[in-house]
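Here the structure comes first, spelled out in structure tokens, and everything after it is commentary.
The values are calculated or read from the model by the stated rules, or taken from the named source; none is laboratory data. None of these values were measured; they are calculated from a predicted model. Note that we place each Cβ from the backbone using ideal geometry, even for glycine, and neighbour counts take in every protein chain shown.
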Amino acid sequence: MKDGSRYVPYNERTGNESIVYFTRDLSPEGLKKAYEKVEGAICDCGKVAIKLHTGEKNGPNIIPSAWVKELVDEYLPDATIIETNTYYAGDRDTTSKHRATLKVNGWDFCPVDITDADGTALLPVEDGKWFKEMSVGKNMLRYENLVVLTHFKGHVMGGFGGSNKNIGIGCADGKIGKKWIHSNSSQWDVAEEELMEKISESTKATIDYFGKHVCYVNVMRNMSVSCDCEGLAAAPVVTPNVGILASTDILAIDQACVDIIYAMKPEENRALKERIETRHGHRQLSYMKELGMGNDRYILIDLDNDEVRIYPKDCVKDLKPFEK
């Protein structure tokens, strides 16, 4: 399936199933509950990086830093948050401005490594169509483990921002890697399908580097059609809150989040669904599958009900309103 505007129903998918964990508990306790299920991927033999989208100044929709502090204090006391500078002009396009923004948004409770502050490194992209290598922040190679902590939401170019976008754009360095993804030899803005494929190839470079020592947590809360890179200019939130998901399969967790959106009532999912389809965001998922990055079929385990197997429609029975 190469039409990124089309949603593929579960019964049309083939292949193996992965495990995705789900809780409706949108709180520090819920975040820890979800992380507990996947922390086995993180080994004791090396440094741990937490990849977050820390957001523009005073962004209203980012994962609350107080939640992440509790997770770090209890489970990841020696971890470092990692970020890269932005390609676009703003409050995070230089290291000094970026550090000021981090402080404003409350990301000063543990070390933060802006990984491209000291230069870049090249990682191979195996079987890539667009890239043979991707430029990332050099300092990312200091770490042996990666916790990908993602605020799931819409995105002005990607359709949606899940774990794939968090890594693919967020680990590419600000001046080279991000430029490669967003442009080609003839134009600055690449076509939708090409962009989704480039994001996914960039992600593959990073997760291949970390191997089995990577896990993913997606927080489905305050889901605007805008990314957190839009800060205070983000579109209003009209999609209900859902919960927190965790997995060691990047495709499965992003696919599960999209499936949950599609399981909502039309009045609840209209804006985000339109954003995904008009930007051909589903191509992120189908291309990850083509690249062998994971499974788009999964068993969804409900952590709130004795680990009963559930399906996306069961996640949206009692949705929570947007939290100011």
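Restricted to the range 8-60, and to residues there that are of a type in the set (Val, Ile, Thr) and in a loop (DSSP other than H, G, I, E, B), the residue that is surrounded by the most Cβ atoms within 10 Å (Cβ to Cβ) is THR54. Of all residues assigned to the range 85-95, at least one qualifies as being closer than 23 Å to SER226 by Cβ, among the small types (Gly, Ala, Ser) and out of contact with any helix residue (DSSP H, G or I) (no Cβ under 6 Å at 6 or more places or on another chain).
Of all the numbered requirements in (1) modelled with pLDDT of 95 or more; (2) in contact with a strand residue (DSSP E or B) (Cβ under 6 Å, 6 or more places away or on another chain); (3) buried (at least 24 other Cβ atoms within 10 Å of the Cβ); (4) not basic (Lys, Arg), ASP113 misses one, and that requirement is (3).
So that you can scan it fast, the table gives a plain yes or no per residue for (1) on the phi > 0 side of the Ramachandran plot; (2) buried (at least 24 other Cβ atoms within 10 Å of the Cβ); (3) assigned to a loop (DSSP other than H, G, I, E, B); (4) at pLDDT below 95:
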site: THR86; (1), (2), (3), (4): no, no, yes, yes
site: ALA121; (1), (2), (3), (4): no, no, no, no
site: PHE131; (1), (2), (3), (4): no, no, yes, no
site: LYS165; (1), (2), (3), (4): no, yes, no, no
site: TRP188; (1), (2), (3), (4): no, no, yes, yes
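For the range 90-105, check the following and say yes or no: at least one residue is hydrophobic (A, V, I, L, M, F, W, C) and part of a loop (DSSP other than H, G, I, E, B). No, there is no match, as no residue in the range 90-105 is hydrophobic (A, V, I, L, M, F, W, C) and part of a loop (DSSP other than H, G, I, E, B).
If I filter the range 253-260 for residues that are touching a Pro at 6+ places or on another chain (Cβ under 8 Å), β-branched (Val, Ile, Thr) and assigned to a helix (DSSP H, G or I), do I get at least one hit? Checked against the condition, which is being touching a Pro at 6+ places or on another chain (Cβ under 8 Å), β-branched (Val, Ile, Thr) and assigned to a helix (DSSP H, G or I), the range 253-260 yields at least one hit. Among the numbered conditions (1) at pLDDT 95 or above; (2) farther than 14 Å from VAL217 by Cα, the only one that VAL38 does not meet is (2).
If you scan the range 61-84, which residues turn out to be acidic (Asp, Glu) and assigned to a helix (DSSP H, G or I)?
Listed by number, the residues that qualify are GLU70, ASP73, GLU74.
The numbered conditions (1) without any contact (Cβ under 8 Å) to a residue 40 or more places away in the chain; (2) part of a loop (DSSP other than H, G, I, E, B) are all true for ASP116 except (1).
Take the range 232-244 and flag every residue that is over 13 Å from VAL316 (Cβ atoms) and either in a strand (DSSP E or B) or in contact with a Pro (Cβ under 6 Å, 6 or more places away or on another chain) (or both). ILE244, the sole residue that qualifies.
Residues checked against (1) touching a helix residue (DSSP H, G or I) at 6+ places or on another chain (Cβ under 7 Å); (2) modelled with pLDDT under 95; (3) not in a helix (DSSP H, G or I):
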site	(1), (2), (3)
CYS229	no, yes, no
LEU251	yes, no, no
ASN269	yes, no, no
GLY292	no, no, yes
ASN295	yes, no, yes
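Pairing residues of the range 36-55 that are closer than 21 Å to ALA66 by Cβ with residues that are of a type in the set (Asp, Glu), at Cβ distances under 6 Å and at least 6 apart in sequence or on separate chains, gives HIS53/ASP228; THR54/GLU83; GLY55/ASP228. The single residue among THR248, THR206 that is within 20 Å of CYS315 (Cβ to Cβ), surrounded by fewer than 24 Cβ atoms within 10 Å (Cβ to Cβ) and either of a type outside the set (Gly, Ala, Ser) or under 15 Å from the mean Cα position of the chain (by Cα) (or both) turns out to be THR248.
In the range 283-302, is there at least one residue being over 27 Å from GLU192 (Cα atoms) and of a type in the set (Asp, Glu)? Within the range 283-302 (the criterion being over 27 Å from GLU192 (Cα atoms) and of a type in the set (Asp, Glu)), the answer is yes, since at least one residue qualifies.
Among residues belonging to the range 67-90 that are charged (D, E, K, R) and in contact (Cβ under 8 Å) with a residue 40 or more places away in the chain, point out the one that is farthest from GLY40 (Cα to Cα). Step by step, filter the range 67-90, then rank; the result is GLU83. Considered as a group, the residues in the range 47-68 that are modelled with pLDDT under 95 and farther than 21 Å from ASN241 by Cα include one that is farthest from the chain's Cα centre (by Cα), and that residue is LYS57.
Of the residues contained in the range 217-234, one or more are found to be touching a residue at least 60 places away in the same chain (Cβ under 8 Å), surrounded by fewer than 18 Cβ atoms within 10 Å (Cβ to Cβ), within 29 Å of VAL104 (Cβ to Cβ) and hydrophobic (A, V, I, L, M, F, W, C).
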